[in-house]
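Below are the structure tokens for one structure; questions will follow.
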Amino acid sequence: MNRQITLAARPSGLPTESDFRLVESDIPSPGPGEVLVRTLYLSIDPYMRGRMNDAKSYAAPVQIGQVMVGGTVSRVEKSNDPGFQPGDLVAANSGWQDYALAKPRELRKLDPMQAPITTALGVLGHIGLTAYFGLIDVCDPKPGETVVVSGAAGAVGSAAGQIAKILGCRVVGIAGSDAKIRYLLNELKFDAAFNYKTTADYRAALAEHCPKGVDVYFDNVGGPVTDAVLFNLNVHARVSICGQISQYNAAKPETGPRLLGLLILCRAKVQGFLVSDYAPRFGEGLRQLSAWFREGRLSYRETIAEGLENAPRAFIGMLEGANLGKQLVKIAM
Ligand code: NAP
């Protein structure tokens, strides 16, 4: 049987496990030119929260009763395409289920001799590419500049901070636990970091940790953390709006202080981006990320839940900050 996790109800606020349903169906048979893949690892990502809403966005919502969307590392089980053989390991978009059909163009072959296969869902996949283009292309950081990263101990944030270090910047991370702060300082060698959950005055903490002001801000979270960073921007600062996870569970848009006037005085550039915009340059990004990875300059952490049935809990945990680095679910060996 094929086990699938479908959307059972649209959440209001933080999702609960009852918003998901585990169902069983037959394992599908590949048609002409199709490939049957078995999920080994499922990627758990913040964007999935947006897909649970019935809101018009750049991507279609998951409908009630549909399988939750998601990137996977999978193994080819049956293939009606000459380019894929049973046993091949691939990056796919199978969603929250054991088995799925795929078209060959939707699959990327993985070589486990080059890097652990789970990196295809993390630092050597869309996560690393998001950090790479969101930092370098949007912000053009220069050696010696101060770069602040929010959500810094998560998958994208930890990659973005390390890339900024590689580029010779002074890197300051913001994250939500003391263990995460120790990881940033001791393992990733960030220059400074603070726990926003135990800090009363973010603006003062940033002023203390960024004595020369903030030249580049890589924003994963939005909300009050981002408000505080804006007060510390230097003239000609660049801000990359990668994510706004503090707002994803909000039933109504949060009304914050209106700070756009600050951007006039510091002539700052603020730009949102989607990693998919850079699809024509993914090859360039993956080559550079792989080179840094091989040289030991780009490391990663993973938080791995076990079993498809535990994917909803892992997803809710990630939204609450339970993950260090990339959140995955191991589905099969
Ligand atoms: P992640 O950072 O590995 O996991 C999410 C983290 O968000 C949690 O661990 C938690 O860490 C933090 N968080 C949750 N609620 C928060 C709040 N209210 N305030 C501050 N931090 C909060 O996830 P990721 O996959 O790397 O994604 C990071 C961000 O990048 C997300 O906003 C995501 O939407 C965005 N993203 C954008 C693109 C794009 O193309 N633009 C692509 C991929 C991801 P703490 O313990 O530190 O709170």
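The values are calculated or read from the model by the stated rules, or taken from the named source; none is laboratory data. Quick caveat, the model's predicted, so the values are computed rather than measured. No Cβ is skipped: glycine too gets one built from the backbone with ideal geometry, and neighbour counts run over all protein chains shown. Ligands, DNA and RNA are excluded from the accessible area calculation, which covers all protein heavy atoms including side chains. Shrake-Rupley method; radii C 1.70, N 1.55, O 1.52, S 1.80 Å.
Looking only at the range 133-158, filter to residues that are open to solvent by 10 Å² or more (accessible area, probe 1.4 Å) and closer than 19 Å to Cys210 by Cα; which one of those is nearest to the ligand (Cβ to nearest atom)?
Residue satisfying both the conditions and the ranking: Gly151.
If a residue has to be within 13 Å of the ligand (Cβ to nearest atom) and assigned to a strand (DSSP E or B) to count, how many in the range 305-333 make the cut?
Total meeting the criteria: 4.
Six or more apart or on different chains, Cβ under 8 Å: which pairs go from a residue in the range 306-321 that's farther than 17 Å from Ile245 by Cα to one that's open to solvent by less than 10 Å² (accessible area, probe 1.4 Å) and within 10 Å of the ligand (Cβ to nearest atom)? Could you list them?
Every condition considered, the pairs that remain are Ala311/Ile44.
Please go through the range 69-97 and give me each residue that is out of contact with any Lys or Arg (no Cβ under 9 Å at 6 or more places or on another chain), among the β-branched types (Val, Ile, Thr) and over 14 Å from Gln4 (Cα atoms), ordered by number.
Val73
Still on this structure: May I ask you to list pairs of residues, at least six apart or on different chains, whose Cβ atoms are under 8 Å apart, with the first in the range 57-70 being open to solvent by less than 50 Å² (accessible area, probe 1.4 Å) and the second being of a type in the set (Lys, Arg)?
From the range 57-70, the pairs are Ala59/Arg51; Pro61/Arg51; Val62/Arg51; Met68/Arg51; Val69/Arg51.
I'd like the full set of residues that are open to solvent by 20 Å² or more (accessible area, probe 1.4 Å), in a loop (DSSP other than H, G, I, E, B) and in contact (Cβ under 8 Å) with a residue 40 or more places away in the chain, limited to the range 108-119.
Gln114
Hey, Gly83 hits all of (1) more than 25 Å from Glu306 (Cα to Cα); (2) buried (at least 17 other Cβ atoms within 10 Å of the Cβ); (3) of a type outside the set (S, T, N, Q); (4) touching a residue at least 12 places away in the same chain (Cβ under 8 Å) but one; which does it fall short on?
Gly83 satisfies every listed condition except (2).
Tyr202 passes all but one of (1) open to solvent by less than 20 Å² (accessible area, probe 1.4 Å); (2) touching a helix residue (DSSP H, G or I) at 6+ places or on another chain (Cβ under 6 Å); (3) within 15 Å of the ligand (Cβ to nearest atom); which number fails?
(1)
Can you tell me which residue in the range 159-190 is most open to solvent (accessible area, probe 1.4 Å), limited to those that are in a helix (DSSP H, G or I) and under 18 Å from Asp140 (Cα atoms)?
Applying the filter and picking the extreme gives Lys165.
Gly50: open to solvent by less than 10 Å² (accessible area, probe 1.4 Å) and either within 16 Å of the ligand (Cβ to nearest atom) or in a strand (DSSP E or B) (or both), yes or no?
So Gly50 does not fit the description; no.
Inspect the range 271-290 for any residue being of a type in the set (Lys, Arg), open to solvent by 20 Å² or more (accessible area, probe 1.4 Å) and more than 30 Å from Arg21 (Cα to Cα) and give the result as yes or no.
yes
On to the next question. For the range 301-333, name all the residues that are surrounded by fewer than 20 Cβ atoms within 10 Å (Cβ to Cβ) and over 14 Å from Phe20 (Cβ atoms).
Arg301, Glu302, Thr303, Ile304, Glu306, Glu320, Gly321, Ala322, Leu324, Lys330, Ala332, Met333
Looking at the range 202-254, which of its residues are closer than 13 Å to Val270 by Cα and among the hydroxyl-bearing types (Ser, Thr, Tyr)?
Passing the criteria: Tyr217, Thr226, Ser240.
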